[in-house]
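The structure under discussion appears below in the form of structure tokens.
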Amino acid sequence: MNKANFILLATLVILGFHQVCNGANPDTCVSGPWHKPKPTQEGADYVECLSWKSMSCCTANFTKELAANKVKNLYNFHWDHCGNISQACETFIKDEECFYQCEPNLIYYNPADANSTVRDVPICASYCNAWFEACKDDQTCVEDWQKDFAYIAGIYTCPASSMCKTYAEWYKNGKGLCDKMWGRSFKYEESDNCMLMTFNSSKGNPNTKVMPRTSSAAFNIVVPFVEIVCILTAALLSECL
């Protein structure tokens, strides 16, 4: 390899690491009926889930339907299955729906054998705790919203043997809520390596900085290494450009 080709290759590698270190948006989305093939910016007809308006995996039609009818027509399901829920609780549940449908970075938590399912997405402990506080006095009839509802005549409903109990009774605290309400989709994360289900989009998407990991032990090894790579990449880039 001559010197010119080596310099070109090295520059491309440095730029690639620079993109990773600065939280580049993924170029594909989780598959699903309301997901786009790839994240793109949305326009005036995008009326909900505004945290993702500048770069979203969900369609404008999804946001219109969510704003008009919640998830009634999307899934034949009612959040109010145990009576009307509070506005504060509904806001968090709606934000969760937006997060699942619109967040580009969930592709990193989408197992190859799981279609549109996500697994072990780290949700900030503070967010989980706030969610629990908002919903603790509201009621639901099952613990796991992903698999425990009965599907009867095309509608998701409470199983005949179930009974409505408060979120406090089902989940106990914010950790129980995030770890159990949607099966294995989310997990309560106490470190700073965690995602939010809503954010101020004028400051960018903070979830792009979150690094997927399979275990705490792996994270403790990988993160310092990547941080060193990012520091060296930034230094090399400043020299090359």
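Observations
- Per-region count, the range 167-191, residues charged (D, E, K, R), touching a residue at least 60 places away in the same chain (Cβ under 8 Å) and either under 16 Å from Cys82 (Cβ atoms) or not in a strand (DSSP E or B) (or both): 2
- Of all residues in the range 155-166, those satisfying the criterion of being within 27 Å of the chain's Cα centre (by Cα) and either part of a loop (DSSP other than H, G, I, E, B) or touching a residue at least 40 places away in the same chain (Cβ under 8 Å) (or both) are Ile155, Tyr156, Thr157, Cys158.
- All of (1) open to solvent by 40 Å² or more (accessible area, probe 1.4 Å); (2) outside any loop (DSSP other than H, G, I, E, B); (3) at pLDDT 95 or above; (4) closer than 25 Å to Gly183 by Cβ hold for Glu48 with one exception: (2).
- Those residues of the range 99-154 which are in contact with a helix residue (DSSP H, G or I) (Cβ under 6 Å, 6 or more places away or on another chain) and of a type in the set (A, V, I, L, M, F, W, C), in sequence order: Cys102, Val118, Val121, Ile123, Cys128, Trp131, Phe132, Ala134, Cys135
- Condition met for Asp179 (over 12 Å from the mean Cα position of the chain (by Cα), open to solvent by 20 Å² or more (accessible area, probe 1.4 Å), at pLDDT 95 or above and within 25 Å of Asn193 (Cβ to Cβ)): yes
- Checking each residue in the range 74-94 for being farther than 17 Å from Pro33 by Cα and in contact with a helix residue (DSSP H, G or I) (Cβ under 8 Å, 6 or more places away or on another chain) picks out His78, Trp79, Ile85, Ser86, Ala88, Cys89, Thr91, Phe92, Ile93, Lys94.
- Flag if Asn205 is modelled with pLDDT of 95 or more, exposed (fewer than 14 other Cβ atoms within 10 Å of the Cβ) and of a type in the set (S, T, N, Q): no
- Count - residues of the range 73-89 that are outside any loop (DSSP other than H, G, I, E, B) and either open to solvent by 20 Å² or more (accessible area, probe 1.4 Å) or closer than 30 Å to Asp27 by Cβ (or both): 7
The values are calculated or read from the model by the stated rules, or taken from the named source; none is laboratory data. Small disclaimer: the values here were computed from a predicted structure and weren't measured. We place every Cβ from the backbone using ideal geometry, glycine too, and count neighbours over all the protein chains shown. Side chains are part of the model used for accessible areas, which takes the heavy atoms of the whole protein and leaves out ligands, DNA and RNA. Shrake-Rupley method; radii C 1.70, N 1.55, O 1.52, S 1.80 Å.
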